[in-house]
Amino acid sequence: MTEPKPRATIVIPAHNEGDDILPGLKRIVDAVETPANVVVVVDTADDTTVAPVQKFAKTHANVEVSVNDYGRGPANAIRYGIDHADTRTVVVTMADGCDDPRQIDDLVLLVERGVVVAAASRYMAGGQQVGATGLKSFLSRTAGRSLHALANSGTRDATNSFKAYDTEFVRSVGIDSRDGFEIGLELTAKARRLRLPVAEIPTIWLDRTAGESRFRLAEWIPKYLRWYRFAFGPRLTLKQLNAKMKREAV
């Protein structure tokens, strides 16, 4: 029997996760009913994530590991995964297993219905963040809810990396982030400036129980602030947006 054509690509940026990636990876392949490719993206061929994923892929034909050649860091890994996807929809989820893969099918359906950014939201009714404390959680919640209330961003959780995207939308606006996980906020802000549809569904996020988080709050706050401020600007055409990004890159 011929396997159905994939409708989505699930991109998982990873860095030296080792065997810790396997529980989350198994939950994804067990939970997702949408025909999808699962691509774990690492920075180097000797990353400890490679061997466990390759072994797992022997019994799961839709899973693969790819080595990113765009540069180190999660932003470059996500860019690489999206650029090499051959499906209409790309879902980005984390390697730490914190995200609930049961939302992936619904996120894909939202994109197929015409949304350019579909967010899994911890901060809307029915959503929850379990185990997160401190300044990082406070800033994330405050940024998401204020963007929703004041900039009509379409989601209360713009900073969450767990999102689905229309692949052509991402390729048309480009990804300017080069360091951390601010891509989710960047693409939400760009969709807002273009007045393109963004939607959200509730999700329950559970803090990781194994491995070490690579989130660097002090280092990445200025990058998040850039895209937070950007979301409040006037409506742009695609040509105007790309010209603005080109000027800011100089």
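The values are calculated or read from the model by the stated rules, or taken from the named source; none is laboratory data. Everything quoted here is computed from the prediction, not taken from an experiment. Positions of Cβ are generated from backbone atoms using ideal geometry, with glycine treated the same way; all protein chains shown enter the neighbour counts.
Given the condition more than 19 Å from the chain's Cα centre (by Cα), assigned to a helix (DSSP H, G or I), surrounded by 14 or more Cβ atoms within 10 Å (Cβ to Cβ) and on the phi < 0 side of the Ramachandran plot, answer yes or no: does some residue in the stretch 59-66 qualify?
Looking for residues that are more than 19 Å from the chain's Cα centre (by Cα), assigned to a helix (DSSP H, G or I), surrounded by 14 or more Cβ atoms within 10 Å (Cβ to Cβ) and on the phi < 0 side of the Ramachandran plot, one finds none in the stretch 59-66, hence no.
Out of (1) in contact (Cβ under 8 Å) with a residue 40 or more places away in the chain; (2) within 15 Å of the chain's Cα centre (by Cα), the odd one out for TYR80 is which?
(1)
Within the stretch 121-146, take every residue that is basic (Lys, Arg) and touching a residue at least 40 places away in the same chain (Cβ under 8 Å) and give me the one that is farthest from ARG226 (Cα to Cα).
So the residue we want is ARG122.
Go through (1) exposed (fewer than 15 other Cβ atoms within 10 Å of the Cβ); (2) out of contact with any Leu (no Cβ under 9 Å at 6 or more places or on another chain) one by one and return the number of the condition GLY127 breaks.
(1)
Under 9 Å between Cβ atoms, at least 6 apart or on separate chains: pull out the pairs that start in the stretch 147-174 with a residue that is basic (Lys, Arg) and end on any residue that is in a loop (DSSP other than H, G, I, E, B).
ARG156/ARG122; ARG156/TYR123; ARG156/MET124; ARG156/GLY127; LYS163/THR93; LYS163/THR155; LYS163/ASP157
Would you confirm whether any residue within the stretch 151-174 is farther than 20 Å from ARG88 by Cα, more than 17 Å from the chain's Cα centre (by Cα) and of a type in the set (A, V, I, L, M)? Walk me through how you get there before you give the answer.
First, pick out the residues of the stretch 151-174 that are farther than 20 Å from ARG88 by Cα: 151-160.
Okay, now just the ones that are also more than 17 Å from the chain's Cα centre (by Cα), so 151-152.
Imposing the further condition that a residue be of a type in the set (A, V, I, L, M) reduces the set to 151.
Yes: one or more hits.
Can you find a residue that is within 18 Å of ILE104 (Cβ to Cβ) and touching a Phe, Trp or Tyr at 6+ places or on another chain (Cβ under 7 Å) anywhere in the stretch 146-166?
To start, the set of residues in the stretch 146-166 that are within 18 Å of ILE104 (Cβ to Cβ) comprises 155, 157, 160-166.
Of the ones still in play, those that are also touching a Phe, Trp or Tyr at 6+ places or on another chain (Cβ under 7 Å) are 157, 161.
There is at least one residue in the stretch 146-166 that is within 18 Å of ILE104 (Cβ to Cβ) and touching a Phe, Trp or Tyr at 6+ places or on another chain (Cβ under 7 Å).
Return the residue satisfying two criteria in turn: it lies in the stretch 82-98 and is of a type outside the set (S, T, N, Q) and under 11 Å from TYR165 (Cβ atoms), and of such residues it is surrounded by the fewest Cβ atoms within 10 Å (Cβ to Cβ).
Ranking the qualifying residues of the stretch 82-98, first place goes to ARG88.
Being within 19 Å of LEU22 (Cβ to Cβ) and basic (Lys, Arg), is that true of even one residue in the stretch 98-106? Show your work before the answer.
Pass one, the stretch 98-106, residues within 19 Å of LEU22 (Cβ to Cβ): 98-102, 104.
Then keep just the ones that are basic (Lys, Arg); that gives 102.
Yes, the stretch 98-106 contains at least one residue that is within 19 Å of LEU22 (Cβ to Cβ) and basic (Lys, Arg).
Residues are listed down the side, and each one gets a yes or a no for (1) in contact with a Lys or Arg (Cβ under 9 Å, 6 or more places away or on another chain); (2) outside any helix (DSSP H, G or I):
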| site | (1), (2) |
| --- | --- |
| ALA164 | no, yes |
| SER172 | no, no |
| ARG178 | yes, yes |
| PHE181 | yes, yes |
| LYS190 | no, no |
| ARG193 | yes, no |
| ALA199 | yes, yes |
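Among residues belonging to the stretch 13-24 that are touching a Pro at 6+ places or on another chain (Cβ under 7 Å) and crowded, with 16+ Cβ neighbours inside 10 Å, point out the one that is farthest from THR59 (Cα to Cα).
Going through the qualifying residues, I end up with PRO13.
Please determine, by comparing only the residues of the stretch 111-120 that are touching a residue at least 24 places away in the same chain (Cβ under 8 Å) and surrounded by fewer than 24 Cβ atoms within 10 Å (Cβ to Cβ), which one is nearest to SER140 (Cα to Cα).
That would be VAL115.
Filter the stretch 177-206 down to residues that are in contact with a helix residue (DSSP H, G or I) (Cβ under 8 Å, 6 or more places away or on another chain) and at pLDDT below 95 and give me whichever is surrounded by the fewest Cβ atoms within 10 Å (Cβ to Cβ).
ARG178
To keep it simple, each residue is scored yes or no on (1) crowded, with 23+ Cβ neighbours inside 10 Å; (2) touching a Pro at 6+ places or on another chain (Cβ under 9 Å); (3) modelled with pLDDT of 95 or more.
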site	(1), (2), (3)
VAL11	yes, no, yes
LYS26	no, no, yes
GLU33	no, no, yes
TYR70	no, no, no
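I'm trying to understand the selection: among the residues of the stretch 87-138, which are modelled with pLDDT of 95 or more and in a strand (DSSP E or B)?
THR89, VAL90, VAL91, VAL92, VAL117, ALA118, ALA119, ALA120, SER121
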